[in-house]
Structures are given as C-alpha cells and as structure tokens.
C-alpha cells in the first residue's frame, strides 16, 4: 500500500511540475510557444492529464481553463496521496518508510 501511495504521489508531482513548467515557458515564449521544442515536450507530458480533465468536466467549462482545472485536480490527488503516505508511515513505523 505504501508503494501505491508513493507511486501516485510521484506521478502527481511529475505532472504538476510539467504543468507549471509549461505555463511558465508559455509566458516566456509568448505567441511563439508552439514552435518551442521544450514547450511541446511538456505538452506531450501533460496531455493525458489535460484530456482526462476535459473528459470529466462539463462542456460549459472553457478549453483555456482546463489546464488550471487539471492542476487543481492533480494538486488534490497529490495532497491525498501525501496524507495517505503519512498515515501509512505512522502505522508501520517511520523507520520502515525510509
């Protein structure tokens, strides 16, 4: 169970950092961001999460708000996985979690 909590937490962390990096690089690159190789690489990393959020959200949510909704959902998943990992570590002992 600890492996599952750690794995979910790791995937959420990677996706959150990729979304944050994509947003920051989009700010720096401006309108030419679609030509930037690193922006497109980050877009490939975040695309599954963004598409999943687009699938579960209602149609009246604008497409430009979907990455923010994905970020909030991933942050919630990360928080839940962190709390689960802390609880598991307290149950089995902190030394066993290292």
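Values quoted throughout were computed directly from the atomic coordinates according to the rules given, and no laboratory measurement underlies them. Remember, it's a predicted structure, so these values are computed and weren't measured experimentally. When we count neighbours, we look across all protein chains shown, and the Cβ atoms used for this are built from the backbone with ideal geometry, even at glycine.
If residue 59 satisfies every condition in (1) more than 12 Å from the chain's Cα centre (by Cα); (2) part of a helix (DSSP H, G or I); (3) surrounded by fewer than 12 Cβ atoms within 10 Å (Cβ to Cβ) but one, which is the exception?
(2)
Test residue 50 against the criterion of being part of a helix (DSSP H, G or I) and without any contact (Cβ under 8 Å) to a residue 12 or more places away in the chain, and give yes or no.
Working: part of a helix (DSSP H, G or I): yes; without any contact (Cβ under 8 Å) to a residue 12 or more places away in the chain: no.
It is false that residue 50 is part of a helix (DSSP H, G or I) and without any contact (Cβ under 8 Å) to a residue 12 or more places away in the chain.
Which of the following residues is in contact with a helix residue (DSSP H, G or I) (Cβ under 7 Å, 6 or more places away or on another chain), within 15 Å of residue 16 (Cβ to Cβ) and surrounded by 14 or more Cβ atoms within 10 Å (Cβ to Cβ): 45, 88?
45
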